[in-house]
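To start, the structure itself, in structure tokens.
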Amino acid sequence: MKYLSLPAAVLLAGSAVAAQAQTSSDTLLVTATRTAQTADQALASVSVIDRAEIERKQAQTVTELLESTPGLTLINNGGRGKATSISLRGTSSGHVLVLIDGIKAGSATLGTTAFEHLAVDQIERIEVVRGPRSSLYGSEAIGGVVHIFTRKGEQGFNPRFSVGAGSDAAREVTLGASGGNKKGWYNLSISDYRTDGFSAKQAGSYGYNPDDDGYDNRSYALSGGYQLSDRLEGRLSWSQNRGDNEYDGGSDFDNYSNESRLQTLGGELRLAVTNSWDLSLTAGQSRDKGTVYGDGVYQSHIETQRDTANLQSEHSFSHSQLTWGVDYQQDEVTSSNAYSVGERDNLGVFALYQLYLGQHDLAFSLREDDNEQFGNQTTGSIAWGMELPHALRLTASYGTAFSAPTFNDLYWPGSGNPDLEPEESDSWELGLSGDHAGIEWSANLYQNDVDNLIAWAPNAEGFWVPMNVDEARIRGLELAASTRLANWDLSTTLDLMDPKDRNTDELLNRRPRKTFNISADRDFGHYSLGSSLRAVGKREDGGDELEAYTRIDVRGSYQLGQDWALKAKIENLLDEEYETAKGYNQADRTYWLSLHYAP
């Protein structure tokens, strides 16, 4: 099926629908400002995916949940468990900061997070903030922040269980229990997923092997919180995701595999010093480890460990709020490859002042990072919002951001460049939103100029190494809306983007200029039905062109009793052939059937 024409997409986007988006005005957010606020107070472009949406979409991967988010592009190298990355507003995958329960996650060598291994059953909600956030979080947040919150417990004892099976001999079992009382809560999640998969690479691609590339995943999560006194509360969280992935990687071996482990551990103490002053102390650790095997024989391994600590102080006044804090981060690499430097630390100091003046909201933020490797980096932002007549709201913002070079960029044996500088960006945004006749809608226009982009280039001696040589200018328009029509919940998004390399005036790799999403869901009582359509325009990929595609998914569920539900879905209903990365296959039409127990 060919990609929708722009006029058709605009017509659908303006018809009564749009946005997974946009979040109900009373939804509570924390990522945009590092403090609690409702969606209608936010001066940033934010989307929230809650547990109800996760259940409704029957998503099995985090990227399934994220792919219909405005401004987001998904790149996958050949199916479930294969290398997967995301781009926000046309920036690179290393320009997206990922948090899990407030703890920075990801690889310090690659600069990205392995979304392919994260288990959906562990997740309570996801907040996606689009636009620069380095002035609050430091490095990486050029394109935005993806914050994943694991499940919490509720009153009483609440067990849950599911079992499912589908195409490519896929099968999954999940177990969980949560509970709590007036003083505390807990949650436990366990899941096991296995699939025989399909051939990740296409015939003719380098390293192609026609056999199926399977994937196994075992994930665990444990968390809890307790009210220690009237003014002091604490929480702890731990999660581990272990993936065993088969892939086609070259000519030395017939079969390659990678054993991956992602782990986060974090804790927080929060003290209400007075009725208008809150103090919090957070500490955590994230680990990312990968071990490569060829025909079952060990080849290499890399493990990164990130230790973080934060002290944050929040002061509330009659018409304003001041938040300030100190962040510490230490990254460490252990590997079978001999990195010349395997450790660095970063100290960041930040402040955010929010001012509320009747119809006007203002926010000013400033941050200074002192990094052991590249020195000092200053970032800041300013944002303004205004309530207009006829239920309209206007917002405008400007911000700077940066992304530190990874250990691979700096110190990879034989080709690292320790003289690299951080990538830097300047970004502005103008937004308009409203709620009319039951239709919640938003439009956001943005531009992001990114300098000192790291790319491979010859140095003075003629050797190809990472260099600060590229520049990009990314302009875009995000349209989103949602409504309820004839008892159907409808949502849609339309992204129009112009992602250009300023040196060559060519499009940036793997960034589509047009993306369209629309979904419809209805609850009929004992059963429900739903469908999603995703249309992605043509993209460049290393001099080749990836064809436009349209994928349609359908889903349904039936309530067998008070505690049991049967769910089914068909992905890629029309059996569309498409790529998100050149030379890598995507799944044909697939089926999934699952049984769920949740009293």
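Brief remarks follow.
- The residues on offer are Ser107, Ser191, Ser135, and the sole one that is among the hydroxyl-bearing types (Ser, Thr, Tyr), open to solvent by less than 20 Å² (accessible area, probe 1.4 Å) and assigned to a strand (DSSP E or B) is Ser191.
- Take the conditions (1) in contact (Cβ under 8 Å) with a residue 40 or more places away in the chain; (2) of a type in the set (A, V, I, L, M, F, W, C); (3) surrounded by 15 or more Cβ atoms within 10 Å (Cβ to Cβ); Phe463 misses just one of them, which is (3).
- Some residue of the stretch 481-498 being surrounded by fewer than 16 Cβ atoms within 10 Å (Cβ to Cβ) and within 22 Å of Ser403 (Cβ to Cβ): yes
- Scanning the stretch 571-584 turns up no residue that is touching a helix residue (DSSP H, G or I) at 6+ places or on another chain (Cβ under 7 Å) and not in a loop (DSSP other than H, G, I, E, B).
- The single condition among (1) assigned to a strand (DSSP E or B); (2) free of Cβ contacts under 8 Å to residues at least 60 places away in the same chain; (3) open to solvent by 60 Å² or more (accessible area, probe 1.4 Å); (4) not aromatic (Phe, Trp, Tyr) that Asp449 does not meet is (3).
- Scan of the stretch 358-375 for residues that are modelled with pLDDT under 95 and in a strand (DSSP E or B), ordered by number: Asn371, Gly375
- Among the residues of the stretch 276-317, those that are modelled with pLDDT under 95 and either part of a loop (DSSP other than H, G, I, E, B) or touching a helix residue (DSSP H, G or I) at 6+ places or on another chain (Cβ under 7 Å) (or both) comprise Asp295, Gly296.
- Looking only at residues in the stretch 142-188 that are of a type in the set (S, T, N, Q) and surrounded by fewer than 15 Cβ atoms within 10 Å (Cβ to Cβ), the one that is nearest to the chain's Cα centre (by Cα) is Gln155.
- Scope the stretch 110-119; condition among the β-branched types (Val, Ile, Thr) and surrounded by fewer than 24 Cβ atoms within 10 Å (Cβ to Cβ); matching residues: Thr112
- Count - residues of the stretch 123-132 that are open to solvent by less than 10 Å² (accessible area, probe 1.4 Å) and more than 11 Å from the chain's Cα centre (by Cα): 2
- Cβ pairs under 6 Å, 6+ apart, first in the stretch 528-550 and in contact (Cβ under 8 Å) with a residue 24 or more places away in the chain and within 16 Å of Thr73 (Cβ to Cβ), second open to solvent by less than 60 Å² (accessible area, probe 1.4 Å) and of a type in the set (A, V, I, L, M): Ala535/Leu4; Gly537/Ala548; Lys538/Ala548; Arg539/Leu546; Glu540/Leu507; Tyr549/Val536; Thr550/Ala535
The values are calculated or read from the model by the stated rules, or taken from the named source; none is laboratory data. Keep in mind the model is a prediction, meaning the values are calculated, not measured. Reconstructed Cβ throughout: ideal geometry from the backbone, glycine too, with neighbour counts over all protein chains shown. Each accessible area value is taken on the protein alone, full model and side chains, heavy atoms only, with ligands, DNA and RNA left out. Shrake-Rupley method; radii C 1.70, N 1.55, O 1.52, S 1.80 Å.
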